[in-house]
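J.: Below you'll find the structure I mean.
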Amino acid sequence: MVAVRRLATLVLLAAACHQPVEYSTTAASGVIKLRVVDNTVAGEVSGIDDSRALASLGSESFLVCTGSGQLHRFSSPDMSLDTSFAIGPSSGSGYADIILPKPGVAYVIGAAGRILEVNVGMGAVVDEITVGPLPVGLCASPVSQLFYVVDGSDGRIREVDSADNTVLRSTEPLDEPAVEATVESHQDRYLLVACADDAGSVYAVDLATFYVSDAAELGSVCSGAQAFPAESIWAATHPNWYGSTGSVSVCANFTQPDVMVLPIAGHPVDVCSVPGTTLFYVLSYMGDGISAVTAVDFITGGKTDPIPLDGFPWDITSHANGEYVLVLTSEI
């Protein structure tokens with residue numbers, strides 16, 4: 001999920017506003033590839049204008065969306081641009097999330113809240129759909145071709161079948177403003193929805209019934225959430241903008257979770273899991289135009305020292321083989 005979009009969401013909530021904000025500022029962005037085995041920089045690509053979102057295509061390539069309506073595909077081994085193509089008009093609030101619910105097909109939140117289906121191989125938009133009044137987040141099921149849309153206006157979570165782009169189900173409105181959703185694959189039963197209220201509410205949506213359980217309260221505003229593949233483990237980040245440092249909640253079980261709260265240097269805004277390890281990687285903003293990444297072991301609670309990176313944090317993801325983590329930052 002995209003860190004800056006979440007930060008903008010928190011600002012909007014504070015202002016009691018439910019409309020997209022259009023930004024006029026653009027900046028050069030870059031993607032840094034970290035080697036998981038030793039947390040060293042394994043590659044970098046820079047000079048991408050106005051990047052918004054990042055997604056891994058397996059282990060050999062990755063996608064970057066930009067505010068100008070461009071989708072870039074990069075080769076990961078040599079960190080070079082493979083191809084670019086337009087998917088829509090320029091937008092200050094669009095292109096802020098991207099998922100891949102089935103091979104070779106990406107879904108992107110586009111301009112004016114439309115959701116775009118993109119055939120990555122063809123380099124073309126093949127469908128454009130409306131799913132709720134104001135989609136602010138997407139997440140894909142790890143075990144099916146379904147995906148889920150978080151709405152920032154009516155507070156509902158909608159389930160979409162990517163086979164024909166039909167909306168199958170919708171939850172009742174949540175009591176708190178959702179900022180992130182993640183689907184677990186351990187039981188193939190729950191969708192977790194993290195919220196930006198002061199209590200740090202996280203709802204569990206039962207995928208069999210689409211019933212929303214009472215929220216677990218993690219104690220601080222959430223900005224990101226991620227379920228670990230094939231485990232009953234998940235994590236949520238808490239930036240704590242009014243303090244000197246934030247935290248990450250590492251949780252076991254999907255309802256009534258056992259919670260381990262770990263302080264994280266800076267303000268954690270996003271998190272990703274790394275397949276084949278016991279690690280979450282947490283992306284934070286340190287201030288003064290510097291980001292940092294901290295690796296957290298969900299079994300021991302051990303942490304690496306923060307890995308400093310130039311730029312403001314936008315997004316973080318890992319390759320499917322668990323060898324590398326990709327981080328998107330910008331000069332802003």
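J.: Per-residue HN-Hα couplings for segment 120-136, Karplus 6.51 cos²θ - 1.76 cosθ + 1.60 at θ = phi - 60°, whole Hz, x for Gly and Pro?
T.: Result, ordered by residue: 5, x, 6, x, 8, 7, 9, 7, 9, 10, 10, 10, x, x, 8, x, 10 Hz.
J.: So how strong a dipole does segment 3-330 carry about its Cα centre when Lys and Arg Cβ are +1 and Asp and Glu Cβ are -1, to the nearest 20 debye? List each step's numbers first, then the result.
T.: Numbers: 13 positive and 37 negative charges, 62 e Å.
Value, rounded to 20: 300 debye.
J.: Here is a further query. Got a sec to turn the phi values of segment 196-206 into Karplus ³J(HN,Hα) couplings, 6.51 cos²θ - 1.76 cosθ + 1.60 with θ = phi - 60°, whole Hz, x for Gly and Pro?
T.: Using θ = phi - 60°, the values come out as 9, 7, 4, 7, x, 5, 10, 8, 10, 9, 6 Hz.
J.: Could you work out the helix-only [θ] at 222 nm for the chain, with each DSSP H run of four or more residues adding -39,500 (n - 2.57) and the total divided by the number of residues, to the nearest 500 deg cm²/dmol?
T.: The helix-only estimate for the chain comes to -1000 deg cm²/dmol at 222 nm.
J.: What is the local net charge at LEU146, summed over the other residues whose Cβ is closer than 12 Å to its Cβ (Lys, Arg +1; Asp, Glu -1)?
T.: -1
J.: Now for a different question. What is the sum of charges, Lys and Arg at +1 and Asp and Glu at -1, for the other residues whose Cβ falls under 13 Å from the Cβ of ILE99?
T.: Numbers: positive: LYS102; negative: ASP97, GLU117, GLU180, ASP315.
Result for the neighbourhood of ILE99: -3.
J.: Taking the Cα centre of each part, how many Å lie between segment 259-297 and segment 122-148?
T.: Cα centres, segment 259-297 to segment 122-148: 26 Å.
J.: Right, something else. Step through the residues of segment 70-75 one at a time and calculate ³J(HN,Hα) from phi using the Karplus curve (6.51 cos²θ - 1.76 cosθ + 1.60, θ = phi - 60°), rounding each to whole Hz and writing x for Gly and Pro.
T.: 9, 10, 9, 10, 10, 7
J.: Something else about it: Going by amide H atoms built from the backbone, whose H comes under 5 Å of the H on VAL179, apart from near neighbours?
T.: Amide H neighbours of VAL179: ALA194, CYS195, ALA196.
J.: Can you classify the chain as rounded, prolate or oblate using the Cα gyration tensor, where a ≥ b ≥ c are the square roots of its eigenvalues, rounded means a/c under 1.5, and otherwise it's prolate if a/b beats b/c and oblate if not?
T.: Judged from the Cα gyration tensor, the chain comes out rounded (a/c under 1.5).
J.: For ASP164 and SER80 in the same chain, what is the full-extension length gain: residue separation times 0.36 nm, less their Cα-Cα distance, in nm?
T.: Roughly 26.9 nm would be gained on extension.
J.: Out of residues 5 or more away from VAL36 or on other chains, whose amide H comes under 5 Å of its own, with H placed 1.01 Å from N in the peptide plane?
T.: For VAL36, the qualifying residues are TYR324, VAL325.
J.: Using +1 at the Cβ of each Lys and Arg and -1 at the Cβ of each Asp and Glu in segment 3-330, identify which of ASN119, SER318, GLY152 lies farthest towards the dipole's positive end.
T.: About the Cα centre, the residue reaching furthest to the positive side is ASN119.
Every number here is computed from the coordinates shown, using simple stated rules; none is lab data. Predicted model, so just to flag it, every value in this text is computed and none were measured. Reconstructed Cβ throughout: ideal geometry from the backbone, glycine too, with neighbour counts over all protein chains shown.
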